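Only one structure is covered here, and it is reproduced in the block below.
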Amino acid sequence: MGVILHSLGQLSLCNSKFKVDGMKYIHYYILFLFFFIACKENKTDIIPCVPQTKVDVPLEEVSGISSSFVDTVLFVKLQEPQNTFRNLDKLKIYGDTIYILDERLSKLMSFDKKGNFITQYGERGRSSSEYVRVNSFDVDRHYVYLYDDASEKMISFTRGGQFVQKVETPFWGEDFKVLDDGSFLFSLKPGKSNVKLCMTDSLFNIKKVFSYFDEKDQDNYSSYSLFQKVGDSIYYTDDMSDTTHVFTPKGELVHSYLFNFGKYAPPLEARHDASQLIKDRHVFMYTCPLIYDSKLVMFLRNRHLRTVLYYDMRERIGGNKDIDKGLSPTDIIIPLCMADGFVVGFLEDYCLDRFEDKTMLPTDVVQHLENGYRVVAFYRLKQ
């Protein structure tokens, strides 16, 4: 398209003034026609014309790689009520509060930075203030937002846990991010429409579409966060993708990262089937990567392994660590979010068996895990 536009521009410069004046409307029409056709043919793509950074991702394992990137690790023992969690699926930090969603139990709970329980947000049921199944949440200075994908509605609570309102959405949502003005970025599931990524107003009317589903791209059911907010940037990564898109807090698309997995990158037509990609030993992102300054932390399905990538995009150095064996205290098991220069993850009792020597962990942390409780880990990245 850029070559076409350039050629048309050169052609117009070569014409006489009379011919330029006489042909300018035809040129405008041709430009519009090319633009229209290009947009129509590429409607499944994210809106183009933003700067893109290509990152050649190293896939090999590097012994002790995390210690080159992680400065210190802080552990917060969650003081859980009984029968709190089955899984810790999504975790976010807002201010001094830790928010944790268990999708299987549809339970969102909050804790302070010392691990003390604060409150639970809503309960399962059919009333206005209740939900059937919570698959995503977010927090801003006003409210805690829970999206019920079974009922296709957004429920808002105060940060203290009081119900505010529920609003039905005209779409089937997968994950979302609230923006500074109260509007939303939404990643949708296939079904009601072919819209995949969009921006809505505060009442969930779609105002701008960024991408669409195509016929083969019908798998949008991630159990991890598709959106991550780090500093003043919002990152979005589609399921089984190799591209991360960067938005401002106002929902403006400003940049993208293309991650090159080389010969192990999955073919575009196969990215709707995670189990087949694993079977065929492809490499793809499990969740949205965390980018802080020049540091990149990414959870990968790396052929036959699950690995976390540590990579300095400025120095172009880094490597992977298998998260299922031989762990050290600086190894991030599953990077869930970013907060104030810390990558945030968690540990459960089964994680102890993955450590090369669990005595390297603080004694009280080991005991807490052995008693069946969870620990949130804050990994501070080196500057």
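The values are calculated or read from the model by the stated rules, or taken from the named source; none is laboratory data. Here the structure is a predicted model, which means the values were calculated and not measured. Every residue, glycine among them, receives a Cβ derived from its backbone with ideal geometry; neighbour counts consider all protein chains shown. Accessible surface areas use protein heavy atoms only, side chains included; no ligands, DNA or RNA. Shrake-Rupley method; radii C 1.70, N 1.55, O 1.52, S 1.80 Å.
Filtering segment 185-197 to residues that are farther than 20 Å from THR248 by Cβ, buried (at least 16 other Cβ atoms within 10 Å of the Cβ) and free of Cβ contacts under 8 Å to residues at least 24 places away in the same chain leaves only ASN194.
The set of residues in segment 369-383 that are among the small types (Gly, Ala, Ser) and surrounded by fewer than 22 Cβ atoms within 10 Å (Cβ to Cβ) contains only GLY372.
Checking each residue in segment 154-184 for being in contact (Cβ under 8 Å) with a residue 40 or more places away in the chain, assigned to a loop (DSSP other than H, G, I, E, B) and among the aromatic types (Phe, Trp, Tyr) picks out no residue at all. For segment 104-157, filtering for residues that are under 22 Å from SER183 (Cα atoms), open to solvent by 40 Å² or more (accessible area, probe 1.4 Å) and either basic (Lys, Arg) or touching a His at 6+ places or on another chain (Cβ under 8 Å) (or both) leaves 1.
Filter segment 125-148 for residues that are assigned to a loop (DSSP other than H, G, I, E, B) and under 18 Å from LYS92 (Cβ atoms) and give the result.
First pass over segment 125-148, keeping only residues assigned to a loop (DSSP other than H, G, I, E, B): 125-130, 132-133, 140-143.
Result: ASP140, ARG141, HIS142, TYR143.
Yes or no: segment 279-286 includes at least one residue that is touching a strand residue (DSSP E or B) at 6+ places or on another chain (Cβ under 9 Å), open to solvent by less than 40 Å² (accessible area, probe 1.4 Å) and hydroxyl-bearing (Ser, Thr, Tyr). No: segment 279-286 contains no residue that is touching a strand residue (DSSP E or B) at 6+ places or on another chain (Cβ under 9 Å), open to solvent by less than 40 Å² (accessible area, probe 1.4 Å) and hydroxyl-bearing (Ser, Thr, Tyr). Taking each residue of segment 122-150 that is without any contact (Cβ under 8 Å) to a residue 24 or more places away in the chain and looking for partners that are open to solvent by less than 10 Å² (accessible area, probe 1.4 Å) and outside any strand (DSSP E or B) with beta-carbon atoms closer than 8 Å, six or more apart or interchain, yields ARG124/SER106. Can we say LYS114 is more than 30 Å from LEU369 (Cβ to Cβ) and in contact (Cβ under 8 Å) with a residue 24 or more places away in the chain? Judged against the criteria, LYS114 is not a match.
If you check PRO266 against the conditions, is it part of a loop (DSSP other than H, G, I, E, B), farther than 27 Å from ARG133 by Cα, at pLDDT 95 or above and not small (Gly, Ala, Ser)?
It is false that PRO266 is part of a loop (DSSP other than H, G, I, E, B), farther than 27 Å from ARG133 by Cα, at pLDDT 95 or above and not small (Gly, Ala, Ser).
Is at least one residue of segment 224-237 modelled with pLDDT under 90 and either open to solvent by less than 60 Å² (accessible area, probe 1.4 Å) or among the polar types (S, T, N, Q) (or both)? Yes, because at least one residue in segment 224-237 is modelled with pLDDT under 90 and either open to solvent by less than 60 Å² (accessible area, probe 1.4 Å) or among the polar types (S, T, N, Q) (or both).
Suppose the filter is hydrophobic (A, V, I, L, M, F, W, C), touching an Asp or Glu at 6+ places or on another chain (Cβ under 6 Å) and either more than 19 Å from ASP140 (Cβ to Cβ) or exposed (fewer than 14 other Cβ atoms within 10 Å of the Cβ) (or both); does PHE85 pass it?
Values: hydrophobic (A, V, I, L, M, F, W, C): yes; touching an Asp or Glu at 6+ places or on another chain (Cβ under 6 Å): yes; either more than 19 Å from ASP140 (Cβ to Cβ) or exposed (fewer than 14 other Cβ atoms within 10 Å of the Cβ) (or both): yes.
For PHE85, the condition - hydrophobic (A, V, I, L, M, F, W, C), touching an Asp or Glu at 6+ places or on another chain (Cβ under 6 Å) and either more than 19 Å from ASP140 (Cβ to Cβ) or exposed (fewer than 14 other Cβ atoms within 10 Å of the Cβ) (or both) - is met.
When THR200, THR169 are screened for being over 22 Å from SER233 (Cβ atoms) and either at pLDDT 95 or above or open to solvent by less than 10 Å² (accessible area, probe 1.4 Å) (or both), only THR169 passes. Scanning segment 329-383 for residues that are modelled with pLDDT under 95, in a loop (DSSP other than H, G, I, E, B) and of a type in the set (S, T, N, Q), we see that the one that is farthest from ASN116 (Cα to Cα) is GLN383. Among the residues of segment 323-380, those identified as in contact with a Gly (Cβ under 6 Å, 6 or more places away or on another chain) and not charged (D, E, K, R) are ILE332, ILE333, ILE334, PRO335, LEU336, ALA377.
Matching residues to (1) in a strand (DSSP E or B); (2) of a type outside the set (Ser, Thr, Tyr); (3) open to solvent by less than 10 Å² (accessible area, probe 1.4 Å):
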site	(1), (2), (3)
PHE204	no, yes, yes
ASP239	no, yes, no
PRO249	no, yes, no
HIS255	yes, yes, no
SER275	no, no, no
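Across segment 313-323, the qualifying residues are those that are out of contact with any strand residue (DSSP E or B) (no Cβ under 6 Å at 6 or more places or on another chain) and closer than 20 Å to PHE284 by Cα, and the one among them that is most open to solvent (accessible area, probe 1.4 Å) is ARG316. The C-beta contact set for segment 305-327 (first residue under 17 Å from TYR379 (Cα atoms) and in a loop (DSSP other than H, G, I, E, B), second residue open to solvent by 50 Å² or more (accessible area, probe 1.4 Å) and not hydrophobic (A, V, I, L, M, F, W, C), distance under 9 angstrom, 6+ apart or interchain) comprises ILE323/ARG306. Of everything in segment 56-88 that is part of a helix (DSSP H, G or I) and not hydrophobic (A, V, I, L, M, F, W, C), the residue that is nearest to the chain's Cα centre (by Cα) is SER66.
Per-residue answers, yes or no, for (1) closer than 22 Å to PRO58 by Cβ; (2) touching a Gly at 6+ places or on another chain (Cβ under 9 Å):
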{"residue": "LEU226", "(1), (2)": "no, no"}
{"residue": "TYR236", "(1), (2)": "no, no"}
{"residue": "ASP242", "(1), (2)": "yes, no"}
{"residue": "SER256", "(1), (2)": "yes, no"}
{"residue": "PHE261", "(1), (2)": "yes, no"}
{"residue": "PRO267", "(1), (2)": "yes, no"}
{"residue": "ASN302", "(1), (2)": "yes, no"}
{"residue": "ASP312", "(1), (2)": "yes, yes"}
{"residue": "ILE317", "(1), (2)": "yes, no"}
